[in-house]
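See structure below.
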Amino acid sequence: MSFWSEIFFNRRQRLETIVLCAICTVLLVIVVLPKQHGNLSAQRLNFENYNAEIEEITKIDSWTPAELQPFNPNFISDYRAYVLKLPSEAMDRLNRFREEGQWINSAEQFQNVTQISDELLSQLQPLFVFPKWTQQPIRASEFSSVSKKDLNQATSEQLERVYGIGPTRAKQIINYRDVTLGGFAAMIELSGINGLSEEVIAEMGKWFEVKTPRQIDTFNAQTVNVDELVTIPFIDYELAYKIVEQRSLHGGLLNKDILSRIKNFPLNKIDVILLYLDFPNQ
């Protein structure tokens, strides 16, 4: 037996090894490679789909008026101005015009005030919606800060003249006034309306006041009990017990400062709650 035959097997073993390698190669070509090719193709297809989705999401389409909802041009937020491609200088002119208590009554007046181009006006005009009352000039004596209207007599049309109040919000205010309260006792009760911001309430104060306030039966803060406290808006039994407890801890004394330090006390409603409490000798 030669040296090489001891290292590289005998002739039969070499033949068997060659046949085995050939079979493995055929199996690799028939079974494994197509699957890998299919996986690569699927991955490539998915990658192309992802690219297509990303391009669709990041694609900046040209703005068209049909993509926006109709709006009252007297009330344009900074975000809407950005979407409308309204120049900042035009918004400044519009805000100054509105701060003077004046109203936009037509598309032509909107252009005169903002000084926008004819091309931009033609895009915006189909979206303009003007309330009926803006179509008539408003006399300064009719609705001025000098001669404020009674909030308890205000109509929906009058409320809508306040910046930030539309038909839905005006209806909400009237419903809260007439159904929930039975009339406002003070302007501060407007803070009890969900979603009505402090800015809008302050704006309403320029045009309205409570001239015919609702009468409130107040409770003596030093003797009021739990059952009486829960009849006050924004006070539940848990808070009522805390109020009575704090009054006892302070030797029967109760005031605004003590109330404000009670845990979970609704500080944004405290002035409304105080309308129902009387603080004798304080």
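The values are calculated or read from the model by the stated rules, or taken from the named source; none is laboratory data. Just so we're clear, the structure is a prediction, and the values are computed from it rather than from any experiment. Cβ coordinates were reconstructed from backbone atoms using ideal geometry, including for glycine residues, and neighbour counts include every protein chain displayed.
Could you tell me whether region 73-90 includes any residue that is surrounded by 10 or more Cβ atoms within 10 Å (Cβ to Cβ), modelled with pLDDT of 75 or more, out of contact with any Gly (no Cβ under 7 Å at 6 or more places or on another chain) and not assigned by TED's automatic domain parsing to the domain that holds residue 123? The answer is no; no qualifying residue exists.
For region 189-210, does any single residue satisfy the condition of being surrounded by fewer than 14 Cβ atoms within 10 Å (Cβ to Cβ), in contact (Cβ under 8 Å) with a residue 24 or more places away in the chain and not small (Gly, Ala, Ser)? Within region 189-210, one or more residues are surrounded by fewer than 14 Cβ atoms within 10 Å (Cβ to Cβ), in contact (Cβ under 8 Å) with a residue 24 or more places away in the chain and not small (Gly, Ala, Ser). Could you please find all residues in region 103-123 being touching a helix residue (DSSP H, G or I) at 6+ places or on another chain (Cβ under 9 Å), surrounded by fewer than 15 Cβ atoms within 10 Å (Cβ to Cβ) and within 30 Å of residue 147 (Cα to Cα)? Within region 103-123, 106 is the sole residue that qualifies. Residues that are touching a residue at least 24 places away in the same chain (Cβ under 8 Å) and exposed (fewer than 11 other Cβ atoms within 10 Å of the Cβ) were ranked within region 246-267; the one that is farthest from residue 198 (Cα to Cα) is 252.
Yes or no, residue by residue, for (1) more than 30 Å from residue 149 (Cβ to Cβ); (2) touching a strand residue (DSSP E or B) at 6+ places or on another chain (Cβ under 9 Å); (3) of a type in the set (D, E, K, R):
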{"residue": "184", "(1), (2), (3)": "no, no, no"}
{"residue": "189", "(1), (2), (3)": "no, no, yes"}
{"residue": "200", "(1), (2), (3)": "no, no, no"}
{"residue": "226", "(1), (2), (3)": "yes, no, no"}
{"residue": "242", "(1), (2), (3)": "yes, no, yes"}
{"residue": "247", "(1), (2), (3)": "yes, no, yes"}
{"residue": "259", "(1), (2), (3)": "yes, yes, no"}
